[in-house]
Amino acid sequence: MRDGHPLERQFGMELYSTDFDGVGGRLKRRMDDFVVEEITPDGHVLTVQPWSRNSSEQETLRPIEGDKSRFVTFVLQKTALSTMDVAAILAAELKISRQAVSYAGLKDKRAITVQLMSVPARVADQLRRIRLARIDIRDIRYTRHAVQIGDLWGNRFTVRLREMAVNCETAAHLMGKVTRRPLLNYFGVQRFGVTRPYTHLVGKALVRNDFEDAVRLMLTTTSEFESPELTEARRCLAENLEPNEEILSMFPPDLRYEQTVMKHLMKRPGDYKRAFSQVPPKVQTIFVHAYQSYLFNRLISARMRRGASIMFPEPGDFVIQLDRTHTGRDSWLYVTERNLEERTRMVESGEYGLAAPVPGYATKMPPAWQTDLLHTILRDEGIELQEFRKPDRPALDSAGGLHLVSMSPLDLSTECVEGDLVVRFSLRKGSYATVVMRELMKNHPINRI
């Protein structure tokens, strides 16, 4: 059992699943060093295509016969933009709400990615005509249903690892070792931030209804990776949380949510709750989910330290059905002494997988050692599950759920290109390629963003 990197331990990623020394290296030096291709529920890979801004205009759209189609679904290829960035851009171009742009999952920003998205059918003609930098739209078709979160099997990743401390052949051999065993299915550092690791802390403050602390963390958490001017502005804000025009001007345009919060506080000093409500609801939800992800990471770390299996169930565990088309109520089963053998066979068949709670107000807490572990973590955090219930603020309301304890990369291939290691593998939805590469690299997580 090997301890994780000190920064990752702050996110609950306390352990590595492998014991060998890492190869070091750096991901994402270039956008095409990290390619993400979505895999549909029926196993079809949405592959990267040559960039062409004319592809959508050439298509003829035909409604589904006998059906008044309400949506158009399309393949979107992007680079240097997050999925939420793209949703905002499309909403502005098509003059629809951001909520009307739907997708199956969030994709990396610093990468080339391909995924399915959908918008209302009434804007189909506009969609065909728009031309956007760093975005290609193709395969537009009318559909009865919008793409929903979870409407994917997973993703195929093609990753180029540069600047390794060992030769490529050695790294390729070790990569094979990584994929020959189940790995802890941590939520990766993208959930929390590496240059400013504060997202889960804001989430905890929101769960506790401490909006002043949430604003303080958002505005004043400093980073060695930011400019001295911005760092000084954050330190000035830390004194009294009273922004002014000079401080506001120090925040770059990409920190637009922080700017929005400061503008409200300049008009209404001390109105922290309403100031934070200016942040888009989806972003507010991300903060809470980051905190829940941190708790889950701590929980599966504690499970591994206890010596319990991360692949097969014990009495007191949950198993969930794999490869459901989209999220919703989990199809889960509880494991007891009486049904342990049957549940284990279901996991061995590949139909179900071992899962652990992502804590929320609806988390089930049956008498078992697994529940005792969660109770210990919650006491340490000073949090109760009912604090996740926010009926008056839907963006912060989170029932929790179940998430696979382990992951197994599939269809691994490796290639040495000019001394770099190029790897390709597939992962089910909910698993992070950077967590897989973390096992190989074992260095500072800044090398994986």
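Just so it is clear, none of the values below were taken in a lab; they were calculated from the coordinates. The model shown is predicted, which means the values in this text are computed figures rather than measured ones. Don't worry about glycine lacking a Cβ; one is built from the backbone with ideal geometry, like all the others, and counts go over all protein chains shown.
Worth pointing out:
- Gyration tensor over alpha-carbon atoms, the range 284-407, equivalent ellipsoid semi-axes in Å: 25, 17, 12
- Sum of -39500 (n - 2.57) over DSSP H runs of 4+, divided by residues of the chain (222 nm, nearest 500): -9500 deg cm²/dmol
- Computed over neighbours whose Cβ is under 12 Å from that of CYS236, the net charge equals -3, Lys and Arg +1, Asp and Glu -1.
- For the chain, built as a Gaussian network whose Cα springs stay under 10 Å, the top-fluctuating residue of LEU255, LEU410, LEU385: LEU255
- Neighbourhood net charge (10 Å Cβ-Cβ; Lys/Arg +1, Asp/Glu -1) for TYR432: +2
- Overall Cα dimensions of the range 124-224, principal axis frame, Å, largest first: 52, 49, 29
- For the range 417-424, the Karplus equation 6.51 cos²θ - 1.76 cosθ + 1.60, evaluated at θ = phi - 60°, returns couplings of 10, 6, x, 8, 9, 10, 10, 9 Hz by residue, with Gly and Pro reported as x.
- Gaussian network model of the chain, springs between alpha carbon atoms under 10 Å - residue of PHE11, PHE74, PHE225 with greatest fluctuation: PHE225
- Counted charge near LYS204, where neighbours are those whose Cβ lies closer than 11 Å (Asp, Glu -1; Lys, Arg +1): -3
- Members of LYS263/LYS442; LYS263/LYS429; LYS107/LYS177 lying beyond 30 Å, as alpha-carbon distances in this model show: LYS263/LYS442; LYS263/LYS429
- Farthest positive-ward along the chain dipole, Cα basis, beta-carbon charges - from PHE192, THR18, SER69: SER69
- Hz values of 3J(HN,Hα) by residue in the range 203-217 - Karplus curve (6.51, -1.76, 1.60), Gly and Pro given as x: x, 4, 4, 5, 4, 8, 6, 9, 6, 4, 5, 4, 5, 4, 5
- Spatial extent of the range 199-281: Rg and Dmax, with the Cα atoms as the point set, Å: 11.8, 32
- Unpartnered cysteines - no second Cys beta carbon under 4.7 Å - across the chain: CYS236
- Ranking of HIS145, HIS200 by count of other Cβ atoms within 10 Å, fewest first: HIS145, HIS200
- Approximate spin-label separation ASP42-GLN10, in nm, with each point projected 7 Å along Cα-to-Cβ: 4.6
- Remark: CYS168, CYS416 ranked as CYS416, CYS168, counting other beta-carbon atoms within 10 Å and listing the fewest first.
- Taking the chain as a Gaussian network of alpha-carbon nodes connected by springs under 10 Å, the highest mean-square fluctuation of the residues ASP254, ASP19, ASP125 belongs to ASP254.
- Put simply, the amide H of GLY25, placed in the peptide plane, has neighbours under 5 Å in ALA165, leaving out anything fewer than 5 places away on its chain.
- Couplings 3J(HN,Hα) for the range 84-99, derived from phi with the Karplus relation 6.51 cos²θ - 1.76 cosθ + 1.60 (θ = phi - 60°), are 5, 4, 4, 4, 5, 5, 5, 4, 5, 5, 8, 6, 10, 6, 4, 5 Hz, where x marks Gly and Pro.
- The residues ARG138, ARG122, when put in order of fewest to most other Cβ atoms within 10 Å, stand as ARG122, ARG138.
- Label point 7 Å beyond Cα of ALA165 along Cβ direction - residues of the range 177-218 with amide nitrogen under 11 Å: none
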